[in-house]
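Peer 1: Structure below; questions to follow.
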Amino acid sequence: MKLSPQILLNAYAQGIFPMADADEGGQIYWYAPDPRAIIPLDGFHISRSLKRTIRRGVFEIRFNHDFRGTMSSCAAPAKGREETWISDEIIDLYCYLHEYGFAHSVESYQDGELVGGVYGVALNGLFAGESMFSRKTDASKVVLAYLLQALEDTGYSLFDVQFLTSHLASFGAVEISKRDYLNRLEHALSLKPRKLATAKVFHS
């Protein structure tokens with residue numbers, strides 16, 4: 001089945017997301033893991049050291065400045081991740097979603113250079129985080145912190161991170177059952193959050 005932007009959005013609305021298999025020439029498979037990892041927006045955690053980094057202004061943060069560049073950087077080989085599920089087809093499809101307001105990126109810059117970023121799909125009150133990258137210490141952590149704060153401030157209710165990792169757990173990520181996830185998804189899809197914009201204030 002040929003992927004299309006509408007198929008992608010319909011899949012996210014049902015709790016399903018695609019990944020391409022690099023070992024099979026980019027063949028795309030669908031996933032709905034159980035348990036599912038989320039970061040609760042009413043209980044995410046930002047460490048004191050990361051807050052200090054944010055306040056020092058180590059990075060310039062931009063929203064939706066270079067979506068394709070962020071995706072391409074997430075797809076680039078890195079130490080411990082020589083292959084990627086983000087194929088050229090996936091990049092083109094998500095860039096189309098971005099063009100129509102259904103996908104967003106948050107990026108960190110130093111001296112004008114893109115050094116970290118995160119991107120994902122936004123559908124009503126759902127934000128499905130897809131991938132992130134970092135070329136400088138804390139570059140991806142800072143953008144994730146900004147994204148979390150922005151989602152909370154603008155009225156999103158569900159931040160899906162798919163699979164639990166130690167990195168995400170440090171922000172308060174937890175695993176929930178598929179049934180619980182689908183219940184939360186139904187509520188999120190009923191919401192009409194405000195336009196996603198740069199977070200200005202970090203709560204203590």
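Peer 1: Restricting the search to segment 60-78, which residues are in contact with a strand residue (DSSP E or B) (Cβ under 8 Å, 6 or more places away or on another chain) and part of a loop (DSSP other than H, G, I, E, B)?
Peer 2: Within segment 60-78, Asn64, His65, Asp66, Ala76 meet the criteria.
Peer 1: Output the residues belonging to segment 137-175 that are among the acidic types (Asp, Glu) and in contact (Cβ under 8 Å) with a residue 60 or more places away in the chain.
Peer 2: Of everything in segment 137-175, those that are among the acidic types (Asp, Glu) and in contact (Cβ under 8 Å) with a residue 60 or more places away in the chain turn out to be Asp138, Glu152, Asp160, Glu175.
Peer 1: Right, next: Would you check if Leu126 is closer than 21 Å to Asn10 by Cα and crowded, with 23+ Cβ neighbours inside 10 Å?
Peer 2: Here the answer is yes, as Leu126 does meet what is asked.
Peer 1: Also: Go through the residues of segment 111-122 one by one and say whether even a single one is within 13 Å of Gly69 (Cβ to Cβ), among the β-branched types (Val, Ile, Thr) and either crowded, with 21+ Cβ neighbours inside 10 Å or in contact with a Pro (Cβ under 9 Å, 6 or more places away or on another chain) (or both).
Peer 2: The answer is yes; a qualifying residue exists.
Peer 1: Moving to a separate point now. Suppose we keep only residues that are of a type in the set (Gly, Ala, Ser) and over 12 Å from Phe44 (Cβ atoms) within segment 149-169. Which one would you say is surrounded by the fewest Cβ atoms within 10 Å (Cβ to Cβ)?
Peer 2: So in segment 149-169, the residues of a type in the set (Gly, Ala, Ser) come out as 150, 155, 157, 166, 169.
Retained after the next criterion (residues that are over 12 Å from Phe44 (Cβ atoms)): 155, 157, 166.
Numbers: Gly155: 14, Ser157: 21, Ser166: 7.
Once the filter is applied, the top-ranked residue is Ser166.
Peer 1: Given the criteria part of a helix (DSSP H, G or I) and over 21 Å from Arg52 (Cα atoms), does His187 qualify?
Peer 2: So His187 passes the test.
Peer 1: Inspect segment 146-156 for any residue being farther than 24 Å from Arg48 by Cα and in contact with a strand residue (DSSP E or B) (Cβ under 8 Å, 6 or more places away or on another chain) and give the result as yes or no.
Peer 2: So far as segment 146-156 goes, yes, one or more of its residues are farther than 24 Å from Arg48 by Cα and in contact with a strand residue (DSSP E or B) (Cβ under 8 Å, 6 or more places away or on another chain).
Peer 1: Same structure, new question: Ser134: crowded, with 19+ Cβ neighbours inside 10 Å, touching a Ser or Thr at 6+ places or on another chain (Cβ under 8 Å) and free of Cβ contacts under 8 Å to residues at least 40 places away in the same chain, yes or no?
Peer 2: So Ser134 passes the test.
Each reported figure results from applying straightforward, stated rules to the coordinates on display, with no laboratory input. Because the structure is predicted, anything quoted here is derived from the model rather than measured. Note that each Cβ is placed from the backbone with ideal geometry, even for glycine, and that neighbours are counted across all protein chains shown.
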